[in-house]
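Taking it in order: structure first as structure tokens, then the write-up.
The values are calculated or read from the model by the stated rules, or taken from the named source; none is laboratory data. Source: prediction; values computed, not measured. Quick reminder, even Gly has a Cβ in these numbers, built from the backbone with ideal geometry, and neighbours come from all protein chains shown. These area figures cover heavy atoms from the full protein model, side chains too; ligands, DNA and RNA do not enter into them. Shrake-Rupley method; radii C 1.70, N 1.55, O 1.52, S 1.80 Å.
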Amino acid sequence: MSKLELLPAVDVRDGQAVRLVHGESGTETSYGSPLEAALAWQRSGAEWLHLVDLDAAFGTGDNRKLIAEVAGAMDIKVELSGGIRDDDTLAAALATGCTRVNLGTAALETPEWVAKVITEHGDRIAVGLDVRGTTLRGRGWTRDGGDLYETLERLDSEGCARYVVTDIAKDGTLQGPNLELLRNVCAATDRPVVASGGVSSLDDLRAIAALVPLGVEGSIVGKALYAEAFTLEEALEAVAR
Ligand SMILES: O=C(O)c1ccccc1NCC(=O)[C@H](O)[C@H](O)COP(=O)(O)O
């Protein structure tokens, strides 16, 4: 059985590494330099970094230069998210050398473009399914964007390689992941799923790791690491077997 991949998160707002609650603008707690945070996760043994440009996601500008600097400084794999919605933003994201990008809003608002870039870039494209209940949210999670399972069926048929599934109600709250949502999404698709939102403890990570046989491939971890609920070394050890 494969082990669960862990993706420590660095979410960037106004040049700073921050954590949000429910992904809401205005709830930021700042954790300083994004580059320092990313390098710290790399030194701690991370194999992946989940890097988010929150300003690009919210439409309040972007941190493009800084994001490219952070991605370029990494020796590990990088998943890049936030505001990637057209040819220009996709080209800039891919040019950072990241392993893959995570499209959110575009999958809801410009499905033809997303189908095209899935065909062009294969598994360098993942789609973020950010939900409240079973309703998808776009534009930095501020607008409704359709039904989770209908969208999943469409993206599957277009060849989408993997999904990053976030329960917004859990995100940044340290309330534990939505395991039922993860099980339901895994039952609806044969593509790998990356879990996101709510991880609070090593037991949460073990519970997500138990879903690997169902199709969960990885878990993003944000707030719990910054709040020092556990160390990344402990997390990697917890999911190593
Ligand atoms: O990923 C995005 O595009 C995004 C857009 C708007 C608000 C938040 C966004 N991402 C947040 C994350 O990816 C978090 O880092 C991740 O879900 C970790 O959550 P947690 O472990 O609960 O801090």
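Quick notes on this one:
- Scanning region 93-144 for residues that are charged (D, E, K, R) and closer than 18 Å to Gly59 by Cβ gives Glu109, Asp130, Arg137, Arg139, Arg143, Asp144.
- Residues that are open to solvent by 40 Å² or more (accessible area, probe 1.4 Å), assigned to a loop (DSSP other than H, G, I, E, B) and modelled with pLDDT of 95 or more, drawn from region 27-55: Ser33, Glu47
- Residue that is nearest to Ala227 (Cα to Cα), among those in region 123-148 that are open to solvent by 30 Å² or more (accessible area, probe 1.4 Å) and not in a strand (DSSP E or B): Trp141
- A search for C-beta distances below 9 Å between a residue of region 164-177 that is within 12 Å of Ser201 (Cα to Cα) and any residue that is near the ligand (Cβ under 7 Å from one of its atoms) and among the hydroxyl-bearing types (Ser, Thr, Tyr), counting only pairs 6+ apart in sequence or on different chains, returns Pro177/Ser196.
- Number of residues in region 212-229 that are more than 10 Å from the ligand (Cβ to nearest atom) and open to solvent by less than 10 Å² (accessible area, probe 1.4 Å): the value is 2.
- Val101 under 28 Å from His22 (Cβ atoms), touching a helix residue (DSSP H, G or I) at 6+ places or on another chain (Cβ under 9 Å), in a strand (DSSP E or B) and open to solvent by less than 50 Å² (accessible area, probe 1.4 Å): yes
- Taken as a whole, region 70-86 holds at least one residue that is touching a Lys or Arg at 6+ places or on another chain (Cβ under 6 Å) and within 30 Å of Asn184 (Cα to Cα).
Okay, residues lined up against (1) part of a loop (DSSP other than H, G, I, E, B); (2) out of contact with any strand residue (DSSP E or B) (no Cβ under 6 Å at 6 or more places or on another chain); (3) at pLDDT below 95; (4) away from the ligand (no atom under 16 Å from the Cβ):
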residue	(1), (2), (3), (4)
Pro177	yes, no, no, no
Glu180	no, yes, no, yes
Asn184	no, yes, no, yes
Ala187	no, yes, no, yes
Asp190	yes, yes, no, yes
Val194	no, no, no, no
Ser200	yes, yes, no, no
Asp204	no, yes, no, no
Ala207	no, yes, no, no
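- Qualifying residue in region 32-51 (condition: under 18 Å from Gly140 (Cβ atoms), within 12 Å of the ligand (Cβ to nearest atom) and in contact with a Lys or Arg (Cβ under 7 Å, 6 or more places away or on another chain)): no
- Matching residues in region 152-179 - criterion: being open to solvent by 10 Å² or more (accessible area, probe 1.4 Å) and farther than 26 Å from Leu225 by Cα: Glu153, Arg154, Asp156, Ser157, Glu158, Gly159, Ala161
Conditions tested, residue by residue: (1) within 13 Å of the ligand (Cβ to nearest atom); (2) free of Cβ contacts under 8 Å to residues at least 40 places away in the same chain; (3) assigned to a strand (DSSP E or B).
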| site | (1), (2), (3) |
| --- | --- |
| Ala93 | yes, yes, no |
| Glu112 | no, yes, no |
| Ile118 | no, no, no |
| Glu150 | no, yes, no |
| Ala161 | no, no, no |
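- Search result, residues across region 209-241 that are assigned to a loop (DSSP other than H, G, I, E, B) and touching a residue at least 12 places away in the same chain (Cβ under 8 Å): Leu211, Gly215, Gly222, Ala227, Ala229, Phe230, Thr231, Val239, Ala240, Arg241
- Of all the numbered requirements in (1) part of a loop (DSSP other than H, G, I, E, B); (2) at pLDDT 95 or above; (3) of a type in the set (D, E, K, R), Asp11 misses one, and that requirement is (1).
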